[in-house]
Structure formats: structure tokens, C-alpha cells
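Below you'll find the structure, written out as C-alpha cells, and then a few comments.
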Amino acid sequence: ETGVTQTPRHLVMGMTNKKSLKCEQHLGHNAMYWYKQSAKKPLELMFVYSLEERVENNSVPSRFSPECPNSSHLFLHLHTLQPEDSALYLCASSQDGSSGDTQYFGPGTRLTVL
Amino acid sequence: QKEVEQNSGPLSVPEGAIASLNCTYSDRGSQSFFWYRQYSGKSPELIMFIYSNGDKEDGRFTAQLNKASQYVSLLIRDSQPSDSATYLCAGLNDMRFGAGTRLTVKP
């Protein structure tokens, strides 16, 4: 059971496709995050949104484009991805994005790029 | 580069034993640390967090933080097979996670 949902749970796409990942949180939080988890690598923070404003993106390639229309929804738009982008993409939310704020994760989207 | 490092394991302990998981960090400014558990194919789930020197206990779990030596550890008492998972240490001053330690508890 989780207050953070993600769709789709699995996605297979070609390198020329355009797709979007969706995240929704039902916890009343004001901060949301996108992480990438590749095999045998640490979680990588991709984007942070606090009160609907992007505050950090860690030099993620432009083929990943985040969108946060309100504090409950977060999207990750994907286009012209590479096979090395295949990974588990995790969304998380926290109360206000401050230091030490506990993050709650969604179930993730398993992405495969062919 | 600021880093959080963990021994990737695998760490194997018999059922009922104490499992000890360790994490070191390089950012002296880090104030709080979180331990997450991640079962294979699942997303991380929070176990506990610690932000002050010393020990913090919650059921079978004890987190220890030593800011002088820059390490944080997690002890699991009376380990159960259901504790078998990857444990992630995170220094959430800059939302940086370790690679995780894979724990296997053998019946």
C-alpha cells in the first residue's frame, strides 16, 4: 500500500518513440522527485520539484523532460531515448523538500529501451 | 565529490543472528541519514532515520550515527528470512544514496 502511485508499471519503447511516465501522490506533500535506478548502481536523483517549482536537475540529458502541473502530479516525458536509459524510474514525494525530509517512494516504472 | 558508500555485500547471516550494515559518508555537513529496505523488484521503503549522534532503536532495528568518524550503521537483531533485501543508506542533506548492501538471512 502506498500513497504514491506510478503509471505505467512497465514500458517498452523504441529509441524514436515519445512516451510519458506519470506519478501521483495522495499524501498532501509539496515536493516530488524523479529517481533513476540502474542495475548495480546507486539511486540517481534526476529532478526535484518543490511547490511546483523545479529546484534541481543534476545535469540530466535533455531527452528527459519533467513536468509538474500541481503538487500532486509529476510527469517525466521521454523522447529519443538510448538503450542505456533502460532502468527503474522511481517517483517520490516528501512534505516540503527540506533537508532531512522523509521521502516516500512509488512502486516505480520499469523502462526498457530497445 | 560528496559520496555515501556502502559495502555491496552480499552479507549472509543465519536466522536469529544480528545483521550489521554499515555506511560511510564524506560530507561532514550531513546532518541526517535514512535507512531504506528494498526487496527485489520493489521500490525502497523507509525503515528509520537518525539525525543525532548515538543510537536510535525501533523494534528489532537500531541505527547508529557517529559524526566524528562519519559512519552510520544499522543493526538488525533476531534476523528473519523476511529481512532478506537490499538496504540503502541515504544522506538526505543532498539526497544522495549509497549503492546498497544485499542481505540474505538463511533459515
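The values are calculated or read from the model by the stated rules, or taken from the named source; none is laboratory data. Just so we're clear, the structure is a prediction, and the values are computed from it rather than from any experiment. Cβ: placed from backbone, ideal geometry, glycine included. Neighbour counts: every protein chain shown. Calculation scope for accessible area: heavy atoms of the full protein, side chains included, ligands and nucleic acids excluded. Shrake-Rupley method; radii C 1.70, N 1.55, O 1.52, S 1.80 Å.
Here are the numbers for the structure shown:
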{"item": "Qualifying positions in region A:77-92 - more than 10 Å from the chain's Cα centre (by Cα) and of a type in the set (A, V, I, L, M, F, W, C)", "result": "A:LEU78, A:LEU81, A:ALA87"}
{"item": "Members of region A:30-75 found to be of a type in the set (S, T, N, Q) and outside any strand (DSSP E or B), listed by number", "result": "A:ASN30, A:SER38, A:ASN57, A:ASN58, A:SER59, A:SER62, A:SER71, A:SER72"}
{"item": "Any hit, region A:88-98, residues being buried (at least 21 other Cβ atoms within 10 Å of the Cβ), in contact (Cβ under 8 Å) with a residue 12 or more places away in the chain and on the phi > 0 side of the Ramachandran plot", "result": "yes"}
{"item": "In region B:56-100, the residues that are surrounded by 18 or more Cβ atoms within 10 Å (Cβ to Cβ), out of contact with any Ser or Thr (no Cβ under 6 Å at 6 or more places or on another chain) and closer than 19 Å to A:ASP101 by Cα", "result": "B:ALA63, B:LEU65, B:VAL72, B:LEU88, B:CYS89, B:ALA90, B:MET95, B:ARG96, B:PHE97, B:GLY98"}
{"item": "Test: residue in region B:30-46 that is away from chain A (no Cβ under 12 Å), modelled with pLDDT under 90, within 15 Å of the chain's Cα centre (by Cα) and surrounded by 19 or more Cβ atoms within 10 Å (Cβ to Cβ)", "result": "no"}
{"item": "Residue identified as in a loop (DSSP other than H, G, I, E, B) and out of contact with any Cys (no Cβ under 8 Å at 6 or more places or on another chain) among A:LEU27, A:LEU90, A:LEU111, A:LEU78", "result": "A:LEU27"}
{"item": "Region A:99-114, residues that are within 29 Å of B:SER32 (Cβ to Cβ) and either without any contact (Cβ under 8 Å) to a residue 40 or more places away in the chain or more than 13 Å from chain B (Cβ to nearest Cβ) (or both)", "result": "A:SER99, A:GLY100, A:THR102"}
{"item": "Per-region count, region B:58-107, residues modelled with pLDDT of 90 or more, touching a Pro at 6+ places or on another chain (Cβ under 7 Å) and within 13 Å of chain A (Cβ to nearest Cβ)", "result": "2"}
{"item": "Residue within region A:52-63 that is within 14 Å of chain B (Cβ to nearest Cβ), open to solvent by less than 70 Å² (accessible area, probe 1.4 Å) and of a type in the set (Lys, Arg) present", "result": "no"}
{"item": "Neighbours by Cβ (under 8 Å, 6+ apart or cross-chain): first from region B:3-18, on the phi > 0 side of the Ramachandran plot; second in a strand (DSSP E or B) and open to solvent by 30 Å² or more (accessible area, probe 1.4 Å)", "result": "B:GLY9/B:ARG102"}
{"item": "Subset of region B:12-29 that is under 26 Å from A:ALA92 (Cβ atoms) and not charged (D, E, K, R) - its residue that is surrounded by the fewest Cβ atoms within 10 Å (Cβ to Cβ)", "result": "B:GLY29"}
